[in-house]
1. Over chain A, with a Gaussian network built from C-alpha contacts below 10 Å, which listed residue (A:Ile165, A:Ile241, A:Ile84) shows the highest mean-square fluctuation?
2. Tell me, what % of the accessible area of the stretch A:180-253 is carbon and sulfur with a 1.4 angstrom probe?
3. What does DSSP give for chain B in terms of the percent of beta bridges that are antiparallel, rounded to the nearest 5?
4. Would the stretch A:129-278 count as rounded, prolate or oblate if I go by the C-alpha gyration tensor, calling it rounded below 1.5 in a/c and otherwise prolate when a/b exceeds b/c, oblate otherwise?
5. To the nearest 100 Å², how much accessible surface do chains B and A cover up together, summed over both, with a 1.4 Å probe?
6. From the Cα gyration tensor of the stretch A:1-145, with a ≥ b ≥ c the square roots of its eigenvalues, which class applies: rounded if a/c is under 1.5, or else prolate if a/b is larger than b/c, or else oblate?
7. Apply 1/(1 + (r/R0)^6) to the Cβ-Cβ distance of B:Gln234 and B:Arg196, taking R0 = 45 Å, and write down the FRET efficiency to the nearest 0.05.
8. Starting from the Cα-Cα distance between A:Ala42 and A:Val250, subtract it from 0.36 nm times their residue separation and give me the gain in nm to one decimal.
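The values are calculated or read from the model by the stated rules, or taken from the named source; none is laboratory data. A quick note: this is a predicted structure, and the numbers were derived from the prediction, not measured. All Cβ positions, glycine included, derive from the backbone under ideal geometry; neighbour counts span all protein chains shown. Side chains are part of the model used for accessible areas, which takes the heavy atoms of the whole protein and leaves out ligands, DNA and RNA. Shrake-Rupley method; radii C 1.70, N 1.55, O 1.52, S 1.80 Å.
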Amino acid sequence: MTHSKRIPLRFGVVLGLALLLLAVVVLAPQLCPHDPNAQTFAPLQPPSLAHWCGTDRYGRDLFSRVLVGLQTSVCATLALVAGITAVGTAVGVACGYWGGVLDAVAMRVCDVCLAFPGLVLALALATLFQGGLLQAVLALGLVSWPKYARMARSQTLTLKQADFIQAAKLAGDTGGQLLRRHMLPHILGPILVTATLDLGTMMMELAGLSFLGLGAQPPTAELGSMISGGRSMMQTHPWVIFAPGGAMFVAVAICNLVGDGVRDYLDPRNSGRPLYDK
Amino acid sequence: MRPILQLDEVSKTFAVRGKPKTTAVDNVSLCLYPGETLGLVGQSGSGKSTLARLAARLLDPSSGSIWLDGRDITGARGRQLRAVYREMQLVFQAPSASFDPRKTLGDGIGESLRNQGCSKLETGKRVEQLLEQCGLEREYARRYPHEVSGGECQRAALARALVGKPKLILLDEPTSALDVTSQRQILDLLAQWRDREQLSYLLICHNLALVEHFCHRVLVMDQGEIVEQGTPEQVIFHPASPTARRLADAASLWK
Ligand SMILES: Nc1ncnc2c1ncn2[C@@H]1O[C@H](COP(=O)(O)OP(=O)(O)OP(=O)(O)O)[C@@H](O)[C@H]1O
Ligand SMILES: [Mg+2]
């Protein structure tokens, strides 16, 4: 009778991990045992009780920096994905619903964006914007929204033909009501799945831009730039890279697991329970 | 008397990419008077559903004009169109596809009332009352389209068409998913409504016996054109056109 499904155990665990990650991100400044930017005269210390992940070449506490760096990376990623999802969906739905000149223009722009490999175009744009975290987010956002616009548009086009949409017109729905009540709920599911599946990729790409010096600038703690900064010391002082690298790995893994879980959970072909709970 | 629905030389061509254009409805004119039931028969693909969608303004005609109760509604949009739908309703050929899979049947049936400013409580009552009249239990209002059978969904679709007390209902094979007794029930209900509220119906139907019993006049469609019209007796027992003869012959095979 009800439309709500039980959340299976595995997805529950993944969601728990994601919540934990979010809590760490939100509370990062409070959780830091040291000031992440305070330089001491003990550079490149291996992990110890005082410095759980050791210190970097300026003597800054790596554990604190990883926590704050995680906050930067995760927040930037969430903002980026939320932005491209919102913009892409809005543009796509508008194009599909109203069509015409708007559709033609927006879809040609999408064609251009999608013709290039995304990261390469983002690199070019980030270079053009001359570095900075906000600029990197903007560059990635500019090249990534067309995917969502395409999805939303094709879904809208198919839905527009559906009998139940015509029936809603017969019931006297205005255009806005039609969109809100009958179209968006159908479109948002797959978009949401794509968005969560994209979280990990986007986090990697943002870190990648930072790694190349086109994202967050020192001394801002950000995972990508921390890895980049520790690159030359990988042989001699591996913890300088392991700490941010490990955090990155865990965060991306959690994002991907959440994405998979959401996909299975919302999959219309498995309206009883998620596939992996058989 | 002024016709409630009038189509004037309406045509519809579909342009399918990579194929020659198909003319689904070709220069059709028809009149439907208040209280009258007009049958529309024809083979699969002859353009019956397209004609109904054109009349309901869900499709734009390629040419011709559509009149509802003396008003030209060919170009009606937005507010005007919503006013049109308070007088005219359509029952879709595929009932289960005509309900939003994410909304309950009750939501679907009551939507037009809610849009007209009816309170939730009042709408709920009216929906349940109508469901009962259409032969469904009240609790069906809380079910989702995938939780009911095709026939039950068809009854719900009828309830939805009737809920706003329209003057004209276009019925696209409204009994195709029902067994014979339920067909009879539904038709009796429709007849009751017709006599009480002066409702007019355009009834698309493959069952000639049913058309004979229920319709005042019958149109025969073939490849988008109206090839014959007349009383059910004329069309079914003394068909003039080859199409009508084929239909009548095929039907009598089973008698
Ligand atoms: N959207 C469309 N695009 C292209 N061709 C269409 C479209 N809708 C209908 N047609 C074509 O128009 C013709 C008439 O279709 P229609 O659905 O009106 O037939 P019908 O008389 O209702 O048939 P049935 O009895 O099977 O319901 C068919 O040849 C169909 O292929
Ligand atoms: Mg049809």
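1. A:Ile165
2. Values: 2260 of 3080 Å².
Within the stretch A:180-253, the accessible surface is 73 percent carbon and sulfur.
3. The antiparallel proportion sits near 50 percent.
4. Working: a/c = 4.68, a/b = 2.06, b/c = 2.27.
In terms of gyration-tensor shape, oblate.
5. Chains B and A together bury roughly 2100 Å² of accessible area.
6. It is oblate, given that a/c is not under 1.5 and a/b is not larger than b/c.
7. 0.95
8. Values: separation 208, 0.36 × 208 = 74.88 nm, distance 2.79 nm.
Contour length minus Cα-Cα distance gives 72.1 nm.
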